[in-house]
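Here is the structure we will look at, set down as structure tokens.
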């Protein structure tokens, strides 16, 4: 009989024993207690746990202790047979037999790290989250008072903010324990954030604002640990982002199907973090079995003899209990067992540092888990994406206004708005795996944060406009007969898009300043709204800052109503400098002759042919029968993107209920093209914009789809307004956009936090921040960009995007209502930087500010900074509190490259810095008004410039 067989016979003969058949969670009330089964006594539990550990230890040592084990097992089996039980004395004598193993056993150590996993608003409302936090922490402090050896770790800056705001007395007790070293703060993020859908800039702000808050308010000093136990996968650039923020260690549970437990997680840039993948579960208890699988974990940790035991009741808080502490204290006395000590996560990682060079390197993204979370609760997704874009615009415009006119940077207000959005990044909020109360709380945070961002953008434009010298522009101010000034309040900012542009002009000549928040010049069609204009629409014209007439197009050919004001919309084609502005003027031109109008509309009957929209780069054909895209041709190469005989458009999908939830897009059992076009409007063909709108019915729902092609733009814009009334029951309704391709590919590029990645096609959704691209090696690649969606699906002959998932768990009705979604479809070269620039341009409009005639010191056109690089993209331009400009970005090609920043004025000083504006060793050269910085491949960079 083998040792394993003898041990099994002994163990199963002990009353109350229950054999495990698979991995079991250990947190909460044990199954035996739930079933009122008396568990083995302490002596029995002790010797059995020691024997189990010793068996694996001897096996790892090539049978070194088999003789002692066999003697102890035979002795106990004989006692069991003759006496019917294992007495305490028999167990003690068996432990004496095992004494030769004791020294070896004590060369191993288990660090017990207690924590409380607290989900932010997962299945409950925010007020319950507050209650969970405060009650949990009070329990922890009570245990600390009783047991001086006990240590505790807690992540998430947001929970400390809750304590500060709701229970200051509790805060002081916690601060004392932090100072004592027994309460470890494992927070380097505002919440335990999702790692796939927040932008790279958002993930950096998690680190930045967590450190700023906790160091200033709580006196915390260490921020080197990324504690992400429950996060649903991790992008390839997590190590780069963490290292840029000074984070060295990474703890996670989900992601990485490899067998490694302890490893070096390496980003494409080469930056790495020392990583521990939880081999058990992040919610656990202290049981006699914590050493049972330790030797297997040692193997998967490159022989490190120190182990990590993570324990504490979690999800809904609670944390460690007195039972855990009492058991640990007793287990410290066990002789044939690893050393047991209370400790922290950093204690473990400091031990792991000793064998860093022996550890394997993992240089791939740690995905996928919960693929449905890239789509579910789409309102939350939309709020997040639009806020990320708005924050960039607010900071960039603040930098422009700050340098040009001394505009004060509202850092505290924007920081608070950022913190509120970062809260929604929690891995059960942004992911949509939450209940209605949680969504509603998130939407409220988005609304107040957008108000802050929009106010900052508007005020920055306003103060610049007030200082621009427009006195050379002749105007016809007629205050007595004009009601235009002040019109348009609150217009055009619904669904988290747009910036308030209240009218400040009057008369028939109107002045507009166009603003570009991006760091490269843009020539795009901008849409202006003109309020209460009393001129003749037949004579409307536009000119630039130099007085030259420029192309324009009327969207409205008669006045439209908005509350008690009238408006028209005008398209204008004008280049706007990089992070700067230009000026255009709307005026009423003179008449050479008085027009004559003859009736033309009824001369011929309308033909219902396919609708063709065409500009300099693209031809898109809309089927007259189905209202879907039947052809999309890249004129620069002549290549067709849509598969022959196929059409791109909406697809209604029924998925299997059993495999569907907020976490998963279920198995598809039916795909129906949305081609019941009940109305196809007349095409509007213009010099700057051409468009057509199709109306569809989709089961019980309706969809309005407008195809828009603008001058010089390679992508057709698809504006969707879906009145979604579907709910899940026997099947789960899903709405997708599908683009059938004219070529086959198994390589798809997606943007991920701080860069992009190329993945193979799979039959499931994968995360993309703003775009997915089906790579074609010999020509035009199809690209699909979204303003608010994340769940892309690349397959051999199609590039798709999931728009709505009507899951029934945990929220039974997550998607009913009206959804506004904008997509862009077209051709790109496949280059990562080009794709990033396209997606950025789609997600950031040109802003405008109406103004009037006045003197000022600023010219009619100006710029702050223009960035030139073959492969780097800019992710943030910010003012700093000491009056400098901070430019941050990332390299996309994987090759070391130079980034050139050109300012309109002399540069006094420039230096490469990290996330906290501390100097780095990147090479920076300054020459007059330009700064050049060398950037490593796939790396983040930041430059701080004083003008």
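A short reminder: the numbers here are calculations on the coordinates, not readings from a lab. Please read these numbers as outputs of a predicted model, since none were measured by experiment. Note: ideal-geometry Cβ built from the backbone for every residue, glycine included; neighbour counts use all protein chains shown.
General remarks:
- Helix 42-60 axis versus longest C-alpha principal axis of the chain: approximately 70°, rounded to the nearest ten.
- Alpha-carbon centroids, segment 330-351 and segment 417-438: separation in whole Å: 36
- Chain lengthening between residue 339 and residue 898 when straightened (0.36 nm per residue, less Cα-Cα): 196.0 nm
- The calculated FRET efficiency for residue 919 paired with residue 329, based on their beta-carbon distance and R0 = 51 Å, is about 0.60.
- Pairwise label distance in nanometres, residue 796 with residue 818, each label 7 Å out on the Cα-Cβ vector: 4.3
- Rounded to the nearest 0.05, the FRET efficiency derived from the C-beta distance between residue 908 and residue 411 at R0 = 22 Å is 0.50.
- Centre separation in Å (Cα based) which lies between segment 18-72 and segment 560-607: 82
- Degrees, to the nearest 10: 126-146 long Cα axis against longest axis of the chain: 30
- C-alpha long axis of helix 66-83 to longest principal axis of the chain, angle in °: 70
- Distance-filtered residues of segment 409-436 - backbone nitrogen under 15 Å, label point 7 angstrom along residue 278 Cα→Cβ: 427-428
- Short-range pairs are left out: with C-alpha atoms under 8 Å and at least six residues apart, the relative contact order of segment 340-433 is 40 percent.
- Simple spin-label estimate for residue 87 and residue 180 in nanometres, 7 Å along Cα-Cβ: 4.4
- Here the extension length gained between residue 764 and residue 2 equals 269.7 nm, from 0.36 nm per residue of separation less the Cα-Cα distance.
- Cα gyration tensor category, rounded, prolate or oblate, for segment 623-843 with a/c compared to 1.5: oblate
- Between residue 466 and residue 625, full extension at 0.36 nm per residue minus the direct alpha carbon distance yields a gain of 52.0 nm.
- Pairwise FRET efficiency - residue 868 versus residue 558, Cβ, R0 = 30 Å, nearest 0.05: 0.10
- Global form of segment 237-355, assessed from the alpha-carbon gyration tensor, a/c cut-off 1.5: prolate
- Dividing the mean sequence gap of close Cα pairs (under 8 Å, 6+ apart) by how many residues the chain holds gives a relative contact order of 12 percent.
- Least to most buried among 633, 678 (fewest other Cβ within 10 Å first): 678, 633
- Residues of segment 328-362 with an amide N closer than 16 Å to a point placed 7 Å from the Cα of residue 61 along the Cα-to-Cβ direction: 335-339.
- Prolate/oblate/rounded label for segment 580-654 (Cα gyration tensor, a/c 1.5): oblate
- Spacing of the two label points (7 Å from each Cα toward its C-beta) at residue 608 and residue 75, in nm: 9.4
- CD proxy at 222 nm, helix term only [per DSSP H run n ≥ 4: -39500 (n - 2.57); per residue of the chain; nearest 500]: -8500 deg cm²/dmol
- Segment 3-101 - percent relative contact order, Cα under 8 Å, separation 6 or more: 34
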